[in-house]
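What follows draws every value from the coordinates through simple rules; no lab data is involved. Computed from a prediction, not measured in an experiment: that's the story for all the values here. Positions of Cβ are generated from backbone atoms using ideal geometry, with glycine treated the same way; all protein chains shown enter the neighbour counts.
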């Protein structure tokens with residue numbers, strides 16, 4: 001066979017292979033056996049081996065053609081990849097609709113509902129109908145280029161459908177779509193140069209079970225759940241690993257404007273272009289239809305080939321959806337309507353105690369592993385001794401464990417009829433399980449605490465807090481690195497961080513010269529922090545970020561705060577006797593004074609906040625924020641209030657001057673109404689800011 005004949009044969013083989021890929025993955029039809037389909041791909045591979053210059057990027061043979069990478073490149077998304085707000089009850093869904101009606105009273109609310117598959121979000125970019133880039137969500141603005149891994153997913157088209165007429169001849173569904181939806185027919189026949197599709201990489205139940213059977217054969221631990229393995233596979237540096245995991249893809253968001261007017265049309269266009277989409281969808285004229293769909297799906301969820309955790313509901317008309325805009329990181333016009341918190345039962349084998357940064361002891365249930373909502377749970381919080389007594393939990397009990405979304409699993413009940421004869425009651429230890437010091441409980445509190453402020457667990461948690469985002473915010477220094485530094489004896493307290501040298505850590509596991517350089521530089525850059533951050537980082541009991549800001553503003557510098565009397569402290573807004581006493585106790589402790597001296601010695605200097613020249617129009621006024629704002633983030637609103645002389649509180653009291661009410665307000669609004677505190681809308685708030 002000469003090259004000319006080979007090219008004709010290669011083109012025909014590719015066309016036929018792509019056609020059958022479409023039938024199998026998009027239309028759920030199979031006209032060739034797996035063996036015959038593999039034979040076609042084998043013929044194509046042999047011809048491309050013989051004539052390498054005939055290989056094209058979208059050839060079916062190139063799905064696992066990439067080499068292992070050293071690292072992933074960053075990708076800036078043209079349009080931010082958003083997340084969704086959640087609703088767990090019909091009432092919460094109704095409240096969402098009510099917010100939309102208040103925001104845009106003239107909108108005719110028609111909804112499109114589809115399954116919410118539990119997977120990993122991916123953006124696919126096509127140029128001249130060829131896949132050129134696949135990227136992860138990342139932080140929404142910037143993701144990672146995982147093109148070579150995503151190419152291994154058979155249901156991801158390497159090129160968009162070129163012969164829509166051929167597909168329509170063999171598929172009645174596609175014929176009906178093109179006939180009933182003329183805008184869709186026009187869109188898929190007149191594609192722009194660039195097109196972006198977003199969707200979910202996931203693993204089917206069958207593929208997950210097969211992967212765990214392989215793990216068992218190798219004597220390895222089973223994977224926890226399909227979502228984790230899908231996400232991990234996409235971020236493997238070697239595409240061959242991703243290929244071995246048998247991942248799948250579902251498209252749900254056509255980002256490029258093709259002149260379509262509804263989300264339903266975008267779904268149909270995606271299907272016509274060769275993308276696998278969710279078949280179980282419904283266009284609903286009102287929320288009643290959405291709820292009916294949600295309940296029907298809940299009954300079918302265990303029979304579906306993949307895991308779902310609810311449905312996605314969004315305004316169907318694209319223009320209305322875009323008009324509603326975005327709040328925070330989520331579109332206003334869409335909601336994840338989750339299934340009710342999932343429960344499971346298991347045997348509670350033990351109750352252990354964890355020690356936090358303030359010395360509080362928290363009981364944790366250790367249980368036989370149980371699968372709840374696709375996640376294997378073996379530990380759950382019991383909150384405190386009072387909760388254990390309220391539930392009547394004993395070691396050995398069969399307990400009910402509840403998990404909702406990403407919330408930490410909790411024990412919510414006991415099946416007493418299954419209680420074994422030897423079940424044991426739990427009591428909080430009299431001595432700290434870490435350092436052996438006496439455990440104390442103050443009158444009027446439910447918390448039990450370690451009395452030793454030098455307890456190793458307390459010290460560890462305090463350093464975690466010191467370097468956290470709201471405090472010193474040292475980039476690259478998370479709990480795992482802190483653990484290594486503590487375990488190697490390189491630090492004993494937070495001040496020791498600022499004495500570290502590159503040579504101290506470059507030899508440690510997970511560190512090289514470059515990463516050591518970066519960490520030392522990041523630590524050095526934080527020797528100067530604002531006074532509020534410094535105060536918050538100290539970990540004073542009852543002093544959160546807001547109180548730290550109020551204290552910094554009132555006293556101006558650390559020495560003034562350290563010597564403040566009870567009267568001076570309680571003169572600060574929202575600082576009562578309990579908080580004032582806690583602050584005084586902290587500064588009177590000789591070990592804390594030694595830490596401050598040590599921080600000063602290594603060059604750590606809290607800086608006074610630099611305030612803008614904005615007029616002090618809000619001087620003496622206290623604000624409380626509730627709900628989401630359209631025009632700014634919560635942090636921006638707080639900063640604007642403070643720059644104008646006002647104060648921000650986390651709770652409503654009789655001393656509150658204004659409660660700013662955004663979308664989806666919480667209990668603070670109810671409290672404001674009870675106390676008759678003045679409430680203002682976002683528009684009025686902007687007027688107050690000037």
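With contacts defined as alpha carbon pairs under 8 Å and 6 or more residues apart, what's the relative contact order of segment 605-690 in percent?
Answer for segment 605-690 is 33 percent.
Rounded, prolate or oblate: which fits segment 456-526 when a ≥ b ≥ c are the square roots of the eigenvalues of the alpha-carbon gyration tensor, with rounded for a/c under 1.5 and prolate only if a/b beats b/c?
Because a/c hits 1.5 or more and a/b fails to exceed b/c, segment 456-526 counts as oblate.
Rounded if a/c is under 1.5, else prolate if a/b is larger than b/c, else oblate: which is segment 622-689, with a ≥ b ≥ c the root eigenvalues of its Cα gyration tensor?
Oblate shape, in that a/c is at least 1.5 and b/c is the bigger or equal ratio.
Divide by every residue of the chain the summed helix terms, -39500 (n - 2.57) for each DSSP H run of at least 4, and state the resulting mean residue ellipticity at 222 nm, rounded to the nearest 500 deg cm²/dmol.
Mean residue ellipticity, 222 nm, calculated: -11000 deg cm²/dmol.
Once both axes come from the Cα atoms, what is the angle between helix 456-466 and the longest principal axis of the chain, in degrees from 0 to 90, rounded to 10?
That works out to roughly 70 degrees.
If one takes the longest principal axis of the Cα atoms in the chain, at what angle in degrees, from 0 to 90 and to the nearest 10, does the Cα axis of helix 545-555 lie?
Approximately 40 degrees, to the nearest 10.
Let me check against my output: what whole-number percent is the relative contact order of segment 309-449, with C-alpha pairs under 8 Å and at least 6 apart?
In percent, rounded to a whole number, it is 19.
Arrange the following residues from fewest to most other Cβ atoms within 10 Å of their Cβ: 432, 450, 284, 455.
The most exposed by this proxy come first: 284, 455, 432, 450.
Using label points projected 7 Å from each Cα along Cα→Cβ, tell me how many nm separate residue 90 and residue 128, to one decimal.
Placing both labels 7 Å beyond Cα along the Cβ direction yields 5.5 nm.
If one takes the longest principal axis of the Cα atoms in the chain, at what angle in degrees, from 0 to 90 and to the nearest 10, does the Cα axis of helix 3-25 lie?
60
At each listed q (0.11, 0.14, 0.27 Å⁻¹), what is the log10 of I(q)/I(0) that the Debye formula gives for segment 588-669 modelled as equal alpha-carbon point scatterers?
Summing over Cα pairs of segment 588-669 leads to -0.48, -0.66, -1.28.
I need the calculated FRET efficiency for the pair residue 180 and residue 213, taking r as the beta carbon distance and R₀ as 60 Å, to the nearest 0.05. Please report the intermediate quantities before stating the final value.
Working: r = 44 Å, r/R0 = 0.73.
That gives a FRET efficiency of 0.85.
How do 402, 73, 7 line up, fewest other C-beta atoms within 10 Å first?
73, 7, 402
Tell me the relative contact order for segment 52-200 as a rounded percent, counting alpha carbon contacts under 8 Å between residues six or more apart.
Numbers: 148 pairs, mean separation 46.6, N = 149.
Value for segment 52-200: 31 percent.
Can you sort 679, 262 by how many other beta carbons sit within 10 Å, fewest first?
Values: 679 18, 262 21.
Ascending number of Cβ neighbours within 10 Å: 679, 262.
Classify segment 86-338 as rounded, prolate or oblate from the Cα gyration tensor: take a ≥ b ≥ c as the square roots of its eigenvalues, call it rounded if a/c is under 1.5, otherwise prolate when a/b beats b/c and oblate if not.
oblate
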